[in-house]
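What follows is a single structure, written as structure tokens, with notes after it.
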Amino acid sequence: MVAAWISGIPSSLAATGTTAADFNDFMTGYPTAAGYTYVHDGTGRPQYHLDANGDTVGVQMHWSAGERYPVPEEIRVARLSQAVRPYTGGRFYLFPQALPGRPCTR
């Protein structure tokens, strides 16, 4: 597995009464993240944590890197790079789908 902390998620998804399905519906707008799992709170909902800005939440997400353990580092890096994109300041981001069927790459 490879993991990334994904922040900047609307805090409305962490509100009482929302479900795992609500989070999964939101994530359909981020096609490069397909195949994820996440740390859940015991009910199946993501375990949300308030971001430093206080306006959004974050979730620890995982992607399978291969069937063998240990997975070579270059395979782990390649798999994570499929889900998130490098951007300014040495940070990595998930970008939303810009047009139907075409993920944004920048």
Exercise for review: Find the residue count for segment 55-99, including only residues that are assigned to a helix (DSSP H, G or I) and more than 23 Å from R45 (Cα to Cα).
Suggested key: 12
Practice item. Mind counting the residues in segment 65-81 that are under 23 Å from G29 (Cβ atoms) and either out of contact with any strand residue (DSSP E or B) (no Cβ under 8 Å at 6 or more places or on another chain) or at pLDDT 90 or above (or both)? Key: 1
Point to revise | Complete set of residues in segment 1-35 that are touching a residue at least 60 places away in the same chain (Cβ under 8 Å), part of a helix (DSSP H, G or I) and of a type in the set (A, V, I, L, M, F, W, C) | key: A33
Point to revise | Selection from segment 49-84 of residues that are of a type in the set (S, T, Y) and touching a helix residue (DSSP H, G or I) at 6+ places or on another chain (Cβ under 7 Å) | key: T56
Practice item. Answer with yes or no whether D22 is open to solvent by 30 Å² or more (accessible area, probe 1.4 Å) and at pLDDT 90 or above. Key: yes
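The values are calculated or read from the model by the stated rules, or taken from the named source; none is laboratory data. Bear in mind the structure is a predicted one, so any value in this text is a computation, not a measurement. Heads up, the Cβs are rebuilt from the backbone with ideal geometry, glycines too, and the neighbour counts pull from every protein chain shown. To get the accessible areas, we keep the full protein, side chains included, count just its heavy atoms, and leave off ligands, DNA and RNA. Shrake-Rupley method; radii C 1.70, N 1.55, O 1.52, S 1.80 Å.
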